[in-house]
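Contents: one structure, followed by commentary.
The values are calculated or read from the model by the stated rules, or taken from the named source; none is laboratory data. Source: prediction; values computed, not measured. FYI the Cβ positions are ideal-geometry reconstructions off the backbone, even for glycines, and counts take in every protein chain you see.
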Amino acid sequence: MAAAIQLGRKVMGRIKLNLFWAFAYNTALIPVAAGILYPPLYGITFRPEFAGLAMALSSVTVISLSLLLKRYTPPCNVTESRSEQYFINSQISPQSNHL
């Protein structure tokens with residue numbers, strides 16, 4: 001159970017990382033593709049071929065980051081949930097007198 005929770009947290013972290021990179025890509029390259037650099041910097045444009053390549057690289061980045069989750073292994077010391085540990089510790093207590 002604890003491993004499933006840890007995996008869920010890892011997945012949510014990966015989703016946030018993917019959203020960050022997608023937002024950064026869109027923030028940086030969409031204005032360039034729209035031609036924001038054309039007037040001030042002597043006619044620099046983003047050719048459609050490069051725009052397609054940049055979009056493909058963005059997708060490859062997101063997919064690659066997501067595929068890294070396949071390498072996830074839960075920590076070895078996590079075998080029981082906290083409630084199970086509490087139950088076991090409360091049953092085997094050195095202070096309890098079973099007389």
The correct count of residues that are out of contact with any Leu (no Cβ under 9 Å at 6 or more places or on another chain), among the aliphatic types (A, V, I, L, M) and more than 13 Å from Leu17 (Cβ to Cβ) in segment 39-66 is 5
Determine which single condition Ile88 fails, assuming it passes every other condition in (1) at negative phi; (2) at pLDDT below 85; (3) out of contact with any Asp or Glu (no Cβ under 9 Å at 6 or more places or on another chain). (3)
Residue check for Thr27: assigned to a loop (DSSP other than H, G, I, E, B), at pLDDT 75 or above and loosely packed, with under 10 Cβ neighbours inside 10 Å: no
